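Please read the structure below before turning to the comments.
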Amino acid sequence: MGLDMQSNEENGYIKGKLLYTIFHNEKEHFSISKIKVEDTNENYKEKEITAKGYFSNLQEQTTYYFYGVFEKHPKFGLQYKVNSYQTFIPDTKDGLIAYLSSDLFYGVGNKTATRIIDHLGESAISKILNNTDVLTEVPGVKRETADLLVKSLQENQGFEHIVISLSHYGIGLKMAQKIYQEYKEAAIDILEKDPYQYVFDIDGFGFQTADEIAKQRGISLTHPNRIGAGCIYVLQKSIQEGHVFLPLKQCMKQMLDLLSNTSLSDEIMMDRLNELNGSKKIIIHNGNVYLPSLYYAEDGFASHIDRIMTKPIENETNLAELMKIIGDIEDEEVLSYGKDQFEAINQSLHSKVMIVTGGPGTGKTTVIKGILNAFATIHDMTLNPDDYDNETDFPFVLTAPTGRAAKRLNESTGLPAVTIHRLLGWDGKDGFEKNHNNQLAGKFLIIDEFSMVDIWLANSLFKAIPDDMQVLIVGDEDQLPSVGPGQVLSDLLSSEMIPFVSLNEVYRQKEGSKIIHLAHEIKNDSDIQLENDKDFSFIPCSEYQLIDVITKIFAKAKDKGIDVKDIQVLAPMYRSQAGITSINKELQQLINPKTSRTREVKANDDVVYRVGDKVLQLVNQPENGVYNGDIGEVAAIFEEDENKENVEQLVLLFEGKEVVYERKDYVNIMHAYCVSIHKSQGSEFPIVILPVVSGYNRMLRKNLLYTGITRSKESLIICGEENAFLRGVRTMDTNKRYTTLKTQLTERLESITFISNEDSNEKEITPYDFM
């Protein structure tokens, strides 16, 4: 009988052999498996059952006890929801030999297993677990084999014991996996002594869960670790709102609200916060409370900016020389730079770190190309990567936060461009190959779409930048801030410590672009008229009509021969009557319906993927070269018997790159006929449909709608309620993010002076003033 079988006999169980795994999500540890029923105390007579739950690393053809309850699935029928499980350990000689020689125990074959059972008897496993040295008494068992066997037995038995014990506290398998990885066999002991320790150590373990367990254990409401865990929870929650820190008073107020304990004085809480600060669980600095990773990221980023800017530029060029170089570039490119564009090129060439901002149509791309050409001329370099012996010798480094933004940068400059994660050599977890000890090669770095970069990524990038490299930051400060904590671009600009040029003149507006005109009306808080134009349409409709209107737009586009791949719907919300999920479902039915010849695979109850479907990558997968926000297409679907891996597969095509997805990977993608405005940031699309209705009200903000509108290159269609749109563009995002980057930059860089184009008219006269 298994380890804790007797203590679970009063619970429902199924003893069964795992036949095969239907679905497994490695990241979440969620599995759906087919079980051959060998024994059960449930009212169930069938020979097989589908079991689902948070379990992983189970071996096929191995017998387990599964504890849980039956659930009736609306489409797939009766299933067994597993709350905990343990391996069945047989108590006969033949059964024990078969168990030890199974795939669970590497290196133990039938002969070795027989020797162990012959020598130690049918209680061999308990003897080994109680005294690992007993294996040294067994003849013919190598030390390496014995060590591996002991380790596997301890892991299997230990984990299953932990899972069962945790389930008594309402902790499911998914969280149990994390807990066991952190504490191993000490998990239950730690939980019962101090459940609040889990909040400190286990990512995602909620304060409320720890609090409930603490009440069961009779732990005091004023226990120091309860107060400390409350602080950690409050700070972790604040990250979701973009904060780098919380002011001490606000942190304490939120803690008091969470702890709901009127007997807690400010003095008691402050004493505990000081203890946490002393042990580096939190950082208290200048009246602000930080999680350590954010404190060091913000401080580190400011210090790297200071380090880079302190080192002087190697080759300066005077104004006369620059004017000649710019004139030659204008002749070659057949263009004429505006005054602010010339100033941006001039500032960038004479600054270690410099920022260019501007809305659509202001010529940011033109300026980037001008800077690259001028820098190459001044330093006698070529812009052709093929002219260099090694890839690392190429002096120009171009990067952006997302794959699509990097692709746009590559297309606009003709030079190689990669994502920041790929540039730094992200390991898929928390580390980067490039850092302060192994810095980037090159002389000039361009970072596009910098408004998307949070403080963690900014610090990781800038610590890898060598002292002698010049840096150009490009972005649009009116777009949405980063999803992660901080507001790095905004803080850099408001500090006025970094040279910057704002491109304000709209060049493409002269070509009659209503899209650009509308974007700048929003940017400048001007009166807005939603009047149709050659590149813009407004279609009034109510929320319940919205999806019907969108599908009719696609149908008309198809009739006119427009490639529907060029049309992108952008919406602010997933779950609503006219949310992203509903729009995707309707558009798939219109654009890529089920036919007798189209292959499809069911990912879950609500999602079906077919060959030809448009899909969005939701997470970074550096090992495959695909990143969060990349849009691709389902190129092929293979059934289990059609590939050597014997598993169901989706083959997705991302910009000509094939990536294979197994069922466990399906959670990393979604349909992309409609995507969120947040996910679209850094991308551009030929035709954008932007639905705006009052049902989106809680999400409608000026920067959100501005970001959505500026994703459109050729044509923009807004459909919905005019009042909802106008209300949205007049609503500022009032969620203030707590950061100290601006202050840190001011303190560190106050000795460095520069001239921005905001005050250059008073400080400097250039030849452009006379043209």
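The values are calculated or read from the model by the stated rules, or taken from the named source; none is laboratory data. No experiment lies behind these values; they were computed from the predicted model shown. So basically every Cβ, Gly included, is an ideal-geometry build from the backbone, and we count neighbours across all protein chains shown. Keep in mind that these areas ignore ligands, DNA and RNA; they rest on the heavy atoms of the full protein, side chains included. Shrake-Rupley method; radii C 1.70, N 1.55, O 1.52, S 1.80 Å.
Of 407/664; 594/664; 407/565; 93/184; 534/556; 565/602, which pairs sit farther than 19 Å apart, going by alpha carbon to alpha carbon?
407/664; 594/664; 93/184; 565/602
Pairs 324/369; 17/142; 369/702; 369/434: which are spaced more than 23 Å apart, C-alpha to C-alpha?
17/142; 369/702; 369/434
Quick one: if you stick a label point 7 Å off each Cα along the C-beta vector at residue 71 and residue 189, how many nm between them?
Taking the simple label geometry, residue 71 and residue 189 are separated by 3.5 nm.
Fully extended, how many nm does the chain gain between residue 41 and residue 144 (0.36 nm per residue separation, minus their Cα-Cα distance)?
My answer for the length gained is 33.0 nm.
Enter the accessible area of residue 221 (Å², nearest 10), with the probe set to 1.4 Å and all protein chains included.
Spelled out: residue 221, probe radius 1.4 Å, area about 80 Å².
Given that compact globular proteins tend to follow 2.2 N^0.38 Å, what is the ratio of the alpha-carbon Rg of segment 587-679 to that value?
So segment 587-679 has a normalised radius of gyration of 1.04.
What is the projected area of the convex hull of the Cα atoms of segment 382-525, averaged over all directions, in nm²?
For segment 382-525, the mean projected area of the Cα convex hull comes to 10.7 nm².
Helix-only mean residue ellipticity at 222 nm, the chain, DSSP H runs n ≥ 4 weighted -39,500 (n - 2.57), per residue, nearest 500. What is it?
-11500 deg cm²/dmol
Within a Cβ distance under 11 Å of residue 182, other residues only, what is the Lys/Arg minus Asp/Glu net charge?
So the environment of residue 182 carries a net charge of 0.
Would you mind computing, in nm to one decimal, how far apart the modelled labels at residue 422 and residue 365 are, each placed 7 Å from Cα along Cα→Cβ?
In this crude spin-label approximation the distance works out to 1.9 nm.
What ranking do 349-361, 621-633, 180-192 get when scored by the average of other Cβ atoms within 10 Å per residue, highest first?
In descending order of packing, they fall as 349-361, 621-633, 180-192.
Order the peptides 367-376, 561-570 from the highest to the lowest mean number of other Cβ atoms within 10 Å of their residues.
Ranking, from highest mean packing down: 367-376, 561-570.
Can you tell me the relative contact order of segment 364-441? Whole percent, Cα pairs under 8 Å, sequence separation 6 or more.
21
If you count only protein heavy atoms with a 1.4 Å probe, what accessible area per residue comes out for segment 247-329, rounded to a whole Å²?
51
May I have the count of lysine pairs in segment 189-312 with C-alpha atoms under 29 Å apart, counting pairs 8 or more residues apart or located on different chains?
18
Considering only protein heavy atoms and a 1.4 Å probe, what is the carbon-and-sulfur percentage of the accessible area of segment 560-625?
46
Output needed: percent of Cα pairs per 20 Å distance bin for the chain, bins running from 0 to the one holding the longest distance.
In whole percents, the pair-distance histogram is 13, 38, 35, 12, 1, 0.
Once you place label points 7 Å from the Cα toward the Cβ at residue 321 and residue 555, how far apart are they in nm?
Rounded to a tenth, the inter-label distance reads 6.6 nm.
Defining a contact as two alpha carbons under 8 Å apart and six or more residues distant in sequence, what relative contact order in percent does segment 397-492 show?
27
Express the carbon and sulfur contribution to the solvent-accessible surface of segment 392-483 as a percent, rounded to the nearest whole number, probe 1.4 angstrom.
That share works out to 45 percent.
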